[in-house]
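Working notes for the structure below.
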Amino acid sequence: MDVSAKLVSEEIIDNETDGGAKALRWIYVTLLLLLAVAGGFVAYSLVRGVQAPRTRVERDIMLYRDLTKRNPKDVNMWMSLGHAYLDSKDYDAAIGAFNDALKLNPKTTDAKVAIALTYQQMGDNDKAVKSFEEIVKAQPSNDIARLALARARFDKGDYQEALALVRQLEKSDAGEADVYYLAGQIYEKLGKKTSAKAEYEKIFKLDPASADAKSAIERLGI
């Protein structure tokens, strides 16, 4: 190979090498850009995933938070927010919302009952009993509150007091499946299986196919 041919050959090789290096650099830069964009998208998605409500309860909380901000004097919105918090088991927030409703309307029984029920779900039976007693004292004919008080008394282990309340409900034509079932449970705790069975059997008059009553009677083994 003569000198001129050799020089041309080396120039071609150099150009090819430079072109290949440039192509590799462009590929490298492109990949870095793609990774950066993808990383940013993932980070954004993660942030959005944390902020965006994922369940019905979370959506309800977000909705009623917004509505209470827009209508801070709407008792119903505060009640709905409280129930949404209660569904999510955020008990402190639920009580806070119910108390806000109570501040707007101190006479609203719904808020008082909701607060008492929240204490009951929290397992704070002392506060639940006290709250329900205040409601029943103010409204002796409130059967829902009386049944809830009986349940709170039962949960606390005050079986005789709970039974007395249940008996009052039965006499006031407020007898329903929940009343009879609770009476049966109380008699079970008191060791009176025959009386418990009689209470469970009353449920069949209201609901002949009651699985709860059937299961309770089978549990008694008599």
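The values are calculated or read from the model by the stated rules, or taken from the named source; none is laboratory data. Because the structure is predicted, anything quoted here is derived from the model rather than measured. Positions of Cβ are generated from backbone atoms using ideal geometry, with glycine treated the same way; all protein chains shown enter the neighbour counts.
Suppose we keep only residues that are surrounded by fewer than 17 Cβ atoms within 10 Å (Cβ to Cβ) and in contact (Cβ under 8 Å) with a residue 12 or more places away in the chain within segment 199-218. Which one would you say is nearest to S141 (Cα to Cα)?
Our first condition is that a residue be surrounded by fewer than 17 Cβ atoms within 10 Å (Cβ to Cβ); within segment 199-218, this holds for 201, 204-209, 211-212, 214-215, 218.
Now narrow it down to the ones that are in contact (Cβ under 8 Å) with a residue 12 or more places away in the chain: 201, 206-207, 212.
Working: E201: 26, L206: 22, D207: 25, D212: 28 Å.
Across segment 199-218, the extreme among qualifying residues is L206.
Only one of (1) within 20 Å of V136 (Cα to Cα); (2) crowded, with 18+ Cβ neighbours inside 10 Å; (3) not acidic (D, E) is not met by K171, so which one is it?
Going through (1) within 20 Å of V136 (Cα to Cα); (2) crowded, with 18+ Cβ neighbours inside 10 Å; (3) not acidic (D, E) one by one, K171 breaks only (2).
Please specify each residue of segment 179-222 satisfying the condition of being assigned to a helix (DSSP H, G or I), out of contact with any helix residue (DSSP H, G or I) (no Cβ under 7 Å at 6 or more places or on another chain) and either of a type in the set (G, A, S) or not assigned by TED's automatic domain parsing to the domain that holds F154 (or both).
Correct list: A198, A211, S215.
Any idea which residue in segment 63-98 is surrounded by the most Cβ atoms within 10 Å (Cβ to Cβ), counting only those that are of a type in the set (K, R) and in a helix (DSSP H, G or I)? Talk me through it step by step, then tell me what you get.
Looking only at segment 63-98, we keep the residues that are of a type in the set (K, R), and these are 65, 69-70, 73, 89.
Add one more test, that the residue is in a helix (DSSP H, G or I), and what stays is 65, 69-70.
Values: R65: 15, K69: 9, R70: 9.
For segment 63-98, the residue satisfying everything is R65.
Taking the criterion of being more than 20 Å from Q121 (Cα to Cα) and in a helix (DSSP H, G or I), would at least one residue in segment 139-157 satisfy it?
no
Do we find that L163 is within 28 Å of M122 (Cβ to Cβ), at pLDDT 95 or above and surrounded by fewer than 17 Cβ atoms within 10 Å (Cβ to Cβ) in this structure?
Values: within 28 Å of M122 (Cβ to Cβ): yes; at pLDDT 95 or above: yes; surrounded by fewer than 17 Cβ atoms within 10 Å (Cβ to Cβ): no.
It is false that L163 is within 28 Å of M122 (Cβ to Cβ), at pLDDT 95 or above and surrounded by fewer than 17 Cβ atoms within 10 Å (Cβ to Cβ).
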